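Right, one structure below, let's go through it.
The values are calculated or read from the model by the stated rules, or taken from the named source; none is laboratory data. Treat the numbers as computed from the prediction; the structure is a model and nothing was measured. Here the Cβ positions follow ideal geometry from the backbone for every residue, glycine too, while neighbour counts run over all protein chains shown.
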Amino acid sequence: MEFFQSLLGPAWPVVWTLVKIIAIVGPLLLAVAYVTYAERKVIGYMQVRIGPNRVGPLGLLQPIADGVKLMMKEIIIPSGANKKLFLLGPVLAMAPALAAWAVVPFSPELVLANIDASLLYIMAITSMGVYGIVLAGWASNSKYPFLGAMRSAAQIVSYEIAMGFALVGVLMAAQSLNLVEIVNAQKGSSFFSWYWLPLFPMFLVYLISSVAEINRAPFDVAEGESEIVGFHAEYSGMAFAVFFLAEYANMILVATLTALMFLGGWLPPFDVAPFTWIPGFFWLIAKICFVLFLFLWFRATFPRYRYDQIMRLGWKVFIPVTLVWLLFVGAMMQTPLGYLFH
Amino acid sequence: MNAQTLIFYFFATILLFAAARVVTARNPVHSALFLVLAFFTAAALWIMLQAEFLAIVLVLVYVGAVMVLFLFVVMMLDINYDTLREGFWDNLPFALLVAVLMAAEMAVVVAGRNFWANGSGVSPVIHGPEYSNIKELGRLIYTEYVYPFEIASVILLVAIVAAIALTLRRRKDTKYQDSAQQIAVRRNDRLRIIPVAADNKLRQKHEAVEQTEKQS
């Protein structure tokens, strides 16, 4: 490493950061590809089907085949569409989904940028994801994608508030905005000290809001691929696929955040011998997989919400619930029982 | 020129370009998007000044919320680009006057002795990596500036309530659904199961078949 350092001189920090970015984004994109595979397999088995099993052993090459197919297809730009913004839409949807990973810790040491305000950073970056959708709908120059974009953007903006309040609860309990410190603050003898228990309403609100935030079933009024005309109706080929890459990257991101903030991140469920032998990284991966499985399970189980009920749930149920629990946590912290909420 | 200055000029160039395009772009949607870019690069500049909380909140509030609503409104409007340019020359003298006034005010502030840190004898404090901008800000807001902070938030709340009260009108002839009532519905409120004669016959038949199967 020192050889490269001397070779590159002042350009070394830039190159080294790029290498680290590739080390995160590469596996992430692979994970995105195989989450789509897992989704089709899991939902297949839940519906007593087999799912993809033709391409490669057990259908394991299916996501690769899908990717190649989509890349070969022509990107059709509708007449009268705003060409630049039309192509900028998918990029703006994808960029925040990847940029947020800069501050996500995978173990106490393994993090690209261990900044002081990483939770705020994630909230700020993920709040930009809505631009991709709004732009895609508007630039298509077609009324149905535009209506779809309005629906989707209103939903995302609404649930962001409830999500933000749920995160306020987490940072009150951890007394830090740094994700590494938030996980370390959950340390205890068993999984009862993780924040899912003292912040249980927040945990539920966060989990459900994040499903709504990433436009997945049962909140997928933005783009039920097969039956609802959504914001990406005019997109084709890879431009269309990028929206799905962004959706699945966001899915993994919110699963990771749920694991970090409510399920103890890399902490083992019991702080005793056989559990502590396994490296924390694998515990984190296991928790992320669990939350991802929940998302797939939701999709296979629940019927789609009606749009006015989605709005009602976000504004009239989740926001009051989080506000009340914030007050409750704040008041309890002043009592002798406050240690339960730290 | 070190790397930091280089990065500063990089962001400053983008910021100035984006800010200029906000007023010169023909399409209002483009203008709004250039404003987003301007906010974003301004946040980057603030981070370089170690004001990371302000920078992140700028992105969170202005880019993530305010500009999304702006875009919503601008996209909903059916704008005729030709009429948009009408009256440009009529309004130009007044606009120029306002611009000159603003430039003069800024010049007064920037030329003033107290604006420059080295002019007033106070040098900017450079903090180490352990310093938490957010903790300090939080402490100040909730101790020294707690009353101004609370008063400002109450004023904002009043503004929200007032805006809703002014625009909300309930028409008598609109029909709307009460979601709470809809959700509270149970099966027995809507559904009644009637025993059908054919059903009974079928059941008897099944029972007879089962009987014969058991016997054999």
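Do the conditions hold for B:Ser153, that is, is it surrounded by 10 or more Cβ atoms within 10 Å (Cβ to Cβ) and modelled with pLDDT of 85 or more? Break it down stepwise before answering.
Details: surrounded by 10 or more Cβ atoms within 10 Å (Cβ to Cβ): yes; modelled with pLDDT of 85 or more: yes.
Yes: the conditions hold for B:Ser153.
Could you identify the single residue in B:Glu144, B:Glu130 that is in a loop (DSSP other than H, G, I, E, B) and within 14 Å of another protein chain (Cβ to nearest Cβ)? Quick ask: steps written out before the conclusion?
Working: B:Glu144 fails: within 14 Å of another protein chain (Cβ to nearest Cβ).
Going through B:Glu144, B:Glu130 in turn, the sole match is B:Glu130.
Just one residue in the set A:Val168, A:Val211 is under 20 Å from the mean Cα position of the chain (by Cα), assigned to a helix (DSSP H, G or I), hydrophobic (A, V, I, L, M, F, W, C) and away from chain B (no Cβ under 14 Å); that residue is A:Val211.
Does A:Val130 satisfy the criteria of being aliphatic (A, V, I, L, M), within 24 Å of the chain's Cα centre (by Cα) and more than 30 Å from A:Pro268 (Cβ to Cβ)? Yes: the conditions hold for A:Val130.
Residues checked against (1) closer than 30 Å to B:Tyr131 by Cβ; (2) hydroxyl-bearing (Ser, Thr, Tyr); (3) more than 10 Å from chain B (Cβ to nearest Cβ); (4) not in a loop (DSSP other than H, G, I, E, B):
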| site | (1), (2), (3), (4) |
| --- | --- |
| A:Ile77 | no, no, yes, no |
| A:Phe86 | no, no, yes, yes |
| A:Leu92 | no, no, no, yes |
| A:Ala99 | yes, no, yes, yes |
| A:Ala102 | yes, no, yes, yes |
| A:Leu112 | yes, no, yes, no |
| A:Ile115 | yes, no, no, no |
| A:Tyr131 | no, yes, no, yes |
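Residues in segment A:65-87 that are within 30 Å of A:Leu292 (Cβ to Cβ) and either more than 24 Å from the chain's Cα centre (by Cα) or exposed (fewer than 14 other Cβ atoms within 10 Å of the Cβ) (or both): A:Ala65, A:Val68, A:Lys69, A:Met71, A:Met72, A:Lys73, A:Ile75. Would you list the helices (runs of 4 or more DSSP H) that sit entirely within segment A:277-342 and hold 2 or more residues that are exposed (fewer than 14 other Cβ atoms within 10 Å of the Cβ) and away from chain B (no Cβ under 14 Å)? Hits in segment A:277-342: A:280-301, A:319-333.
For A:Gly51, state whether it is free of Cβ contacts under 8 Å to residues at least 12 places away in the same chain and surrounded by 17 or more Cβ atoms within 10 Å (Cβ to Cβ). For A:Gly51, the condition - free of Cβ contacts under 8 Å to residues at least 12 places away in the same chain and surrounded by 17 or more Cβ atoms within 10 Å (Cβ to Cβ) - is met. Keeping to segment A:147-159, report how many residues are facing another protein chain (nearest Cβ under 10 Å) and buried (at least 21 other Cβ atoms within 10 Å of the Cβ). Within segment A:147-159, residues that are facing another protein chain (nearest Cβ under 10 Å) and buried (at least 21 other Cβ atoms within 10 Å of the Cβ) number 3.
Take A:Leu197 and decide whether it is within 14 Å of chain B (Cβ to nearest Cβ) and over 21 Å from the mean Cα position of the chain (by Cα). No, not satisfied.
A single member of B:Leu33, B:Leu60, B:Leu15 is at pLDDT 95 or above and either buried (at least 17 other Cβ atoms within 10 Å of the Cβ) or within 12 Å of another protein chain (Cβ to nearest Cβ) (or both), and it is B:Leu15.
For segment A:54-63, name all the residues that are of a type in the set (A, V, I, L, M, F, W, C) and either surrounded by fewer than 14 Cβ atoms within 10 Å (Cβ to Cβ) or more than 25 Å from the chain's Cα centre (by Cα) (or both).
Here is the first cut: in segment A:54-63, the ones of a type in the set (A, V, I, L, M, F, W, C) are A:55, A:58, A:60-61.
If the condition is that a residue be of a type in the set (A, V, I, L, M, F, W, C) and either surrounded by fewer than 14 Cβ atoms within 10 Å (Cβ to Cβ) or more than 25 Å from the chain's Cα centre (by Cα) (or both), then A:Val55, A:Leu58 are the ones that fit.
Name the one entry in B:Ala208, B:Ala103, B:Ala107, B:Ala162 that is closer than 30 Å to A:Leu313 by Cβ and at pLDDT 80 or above.
On the way: B:Ala208 fails: closer than 30 Å to A:Leu313 by Cβ; B:Ala103 fails: closer than 30 Å to A:Leu313 by Cβ; B:Ala107 fails: closer than 30 Å to A:Leu313 by Cβ.
When all the criteria are applied, what remains is B:Ala162.
Scan segment A:1-46 for residues that are more than 30 Å from B:Leu6 (Cβ to Cβ) and either β-branched (Val, Ile, Thr) or surrounded by fewer than 13 Cβ atoms within 10 Å (Cβ to Cβ) (or both) and the total you get is 8. The residue of segment B:63-73 that is farthest from A:Asp116 (Cα to Cα), among those that are at the interface with chain A (Cβ under 9 Å from one of its Cβ atoms) and crowded, with 17+ Cβ neighbours inside 10 Å, is B:Phe72. Determine, yes or no, whether A:Asn82 is within 12 Å of another protein chain (Cβ to nearest Cβ) and within 30 Å of A:Pro13 (Cβ to Cβ). Against the criterion (within 12 Å of another protein chain (Cβ to nearest Cβ) and within 30 Å of A:Pro13 (Cβ to Cβ)), A:Asn82 does not qualify.
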